[in-house]
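S.K.: Pasting a structure below so you can have a look.
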Amino acid sequence: MVEVNRDNLKKKDIATNINYNIGIPNTYAELIINDLLMILKFNLKKKLDIKIKNFGSFKLKNKAKRTGRNPKNKKEYDILSRNVITFKASKYLNKKLNFNGK
């Protein structure tokens, strides 16, 4: 695995790791990553759940409208309802990452 010396992981870093571990050229690895993200985006827009075996599941949830408060000036604002993507790791992935799963 190729080391990344920053706090976030970019698509290019993932492609480099695929290249290093599997041997697929970076350009093809980037195309695969882009296609995967496009499939996720397309299915979530259709409000379909996505389950990837031994990895986890992605779901689209609706957050209701609520009132929020600015902590500096205590002024209240309405936060509109919105859709958010949630990810739940599979039991297999949790076990591999050494989490208790709770």
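Every read-out reported here was derived from the displayed coordinates using simple, explicitly stated rules and does not represent laboratory data. This is a predicted model, so every value here is computed, not measured. Cβ sites come from the backbone with ideal geometry, for glycine too, and all protein chains shown count toward neighbours.
S.K.: Pull out a ≥ b ≥ c, the square roots of the eigenvalues of the alpha-carbon gyration tensor of the stretch 49-102, then state rounded if a/c is under 1.5, prolate if not and a/b is larger than b/c, and oblate in the remaining case.
M.R.: It comes out oblate by the Cα gyration axes.
S.K.: Which residues does a label at Arg82 reach in the stretch 44-63, if reach means a backbone N under 11 Å from a point 7 Å past the Cα toward the Cβ?
M.R.: Only 63 fall inside the zone, counting backbone N under 11 Å.
S.K.: A further question follows. Could you work out the relative contact order of the chain, using alpha carbon pairs under 8 angstrom and six or more residues apart, expressed as a whole percent?
M.R.: Taking the mean separation of contacting Cα pairs over the length of the chain, I get 17 percent.
S.K.: Under 10 Å, Cα contacts only: if you run a Gaussian network model on the chain, which one of Asn19, Asn54, Asn73 comes out with the highest mean-square fluctuation?
M.R.: Asn73
S.K.: A follow-up question, please. Please compute the volume of the convex hull spanned by the alpha-carbon atoms of the stretch 1-47 and report it per residue in Å³.
M.R.: 77 Å³
S.K.: I would also like to ask the following. What is the Cα convex hull volume of the chain when expressed per residue in Å³?
M.R.: For the chain, the hull spanned by Cα atoms encloses 179 Å³ per residue.
S.K.: What residue among Gly68, Gly56, Gly23 shows peak mean-square fluctuation when the chain is described by a Gaussian network model with Cα springs under 10 Å?
M.R.: Gly68
S.K.: So what's the back-of-envelope 222 nm ellipticity for the chain, counting only DSSP H runs of four-plus at -39500 (n - 2.57) apiece and dividing by all residues, rounded to 500?
M.R.: -11500 deg cm²/dmol
S.K.: Moving on. Please report, in debye to the nearest 20, how large the charge dipole of the stretch 1-47 is about its Cα centre when each Lys and Arg carries +1 at its beta carbon and each Asp and Glu carries -1 there.
M.R.: In debye, rounded to 20, the stretch 1-47 gives about 420.
S.K.: Using amide H atoms built 1.01 Å from N in the peptide plane, name the residues 5+ places from Ser90, or on other chains, whose amide H lies under 5 Å from its own.
M.R.: Under 5 Å from the amide H of Ser90: Phe55, Gly56, Ser57.
S.K.: Compare Thr16, Thr27, Thr67 in a GNM of the chain, Cα atoms joined below 10 Å, and give the one with the largest fluctuation.
M.R.: The residue that fluctuates most here is Thr67.
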